[in-house]
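Quick notes on the structure that follows.
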Amino acid sequence: MMFKILTIFIPIAYGIFNYKYTAKRMAKRLEEQSSVLKEPIIGALVKRIAQSLGVEKIKIYLLEDPNLNGLVSPDGKVFITRGFLEKYYAGFVSADEIVGVICHELGHLALGHTKKRMVAYTVQNTLQMGLGLVLARVIPFIGSYISAMLLKLLTAKLSRIDEYEADKYASALMVKVGLGTRPLIDLFIKLEKLTGSQYNDLTWLQSHPNPKERISAIRELENSWTNQKNMAVRD
């Protein structure tokens, strides 16, 4: 009985410790490689976002990374990469589109996705160890690999759900401040051109949805909001 309890408790404890350790290291690394974003046009738009949310100020950090990305650190800081800022200076993306990325990351924060990922990470470690032991007995040698693949599929699915939720939050926030959803849609169109065929195959293994699917979801949101508005006017 004690052995069975330990086989459950140890993976959970390890998962929590490992996540907190990794999160702390990541937060430190991001802090060392970033500075406060001081671009005036983007800053003015972020100020509008802050006022809309009823907060005094939202700090956005510039991460020295050439890739196009936005992210939230485990300690709740929002980052835009140098790669994104360079594309903005080159005229490839607009300030509104950059703010769309920021709103998306704020969505992850507001919806508690960072904490959710800690729970998911812990559960994943526990299930992988437990399921791996079971499958290893039933299917020797490859059982552990099968369990890892199954959990990877589950994790990817949960991550895609989070991305859709953050897109929905960003869309609503962009509409609220008068920017509309067009910047988000335009950005996904541009990102699709940059990524090429990356999302054409095996989308069920990807942590982020296909840009086309994200655009479709945003347009469906717009239609539902328009229908609700029209119904309210009729009433």
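The set of residues from region 72-106 being under 16 Å from Ala27 (Cβ atoms) and crowded, with 18+ Cβ neighbours inside 10 Å comprises Val72, Ser73, Pro74, Lys77, Val78, Phe79, Glu105.
Is it the case, given these coordinates, that Ile80 is hydrophobic (A, V, I, L, M, F, W, C) and in contact with a Cys (Cβ under 7 Å, 6 or more places away or on another chain)? First the steps, then the outcome.
Values: hydrophobic (A, V, I, L, M, F, W, C): yes; in contact with a Cys (Cβ under 7 Å, 6 or more places away or on another chain): no.
No; evaluated as a whole, the condition is false for this residue.
On the stretch given as region 61-72, residues that are aliphatic (A, V, I, L, M) and touching a Gly at 6+ places or on another chain (Cβ under 8 Å) total 1. Take the residues in region 63-100 that are within 28 Å of Lys116 (Cα to Cα) and aromatic (Phe, Trp, Tyr); name whichever of them is farthest from the chain's Cα centre (by Cα). Top of the filtered list is Phe84.
Looking at region 4-20, can you tell me whether even one residue there is over 20 Å from the mean Cα position of the chain (by Cα), open to solvent by 40 Å² or more (accessible area, probe 1.4 Å) and modelled with pLDDT of 80 or more? No: region 4-20 contains no residue that is over 20 Å from the mean Cα position of the chain (by Cα), open to solvent by 40 Å² or more (accessible area, probe 1.4 Å) and modelled with pLDDT of 80 or more. When region 24-59 is limited to residues that are assigned to a helix (DSSP H, G or I), open to solvent by less than 60 Å² (accessible area, probe 1.4 Å) and out of contact with any helix residue (DSSP H, G or I) (no Cβ under 6 Å at 6 or more places or on another chain), the one that is nearest to Thr81 (Cα to Cα) turns out to be Leu30.
The values are calculated or read from the model by the stated rules, or taken from the named source; none is laboratory data. Note that the coordinates shown come from a computational prediction; the quantities given were computed from them, not determined experimentally. No Cβ is skipped: glycine too gets one built from the backbone with ideal geometry, and neighbour counts run over all protein chains shown. The accessibility values were calculated without ligands, DNA or RNA, using every heavy atom of the protein model including side chains. Shrake-Rupley method; radii C 1.70, N 1.55, O 1.52, S 1.80 Å.
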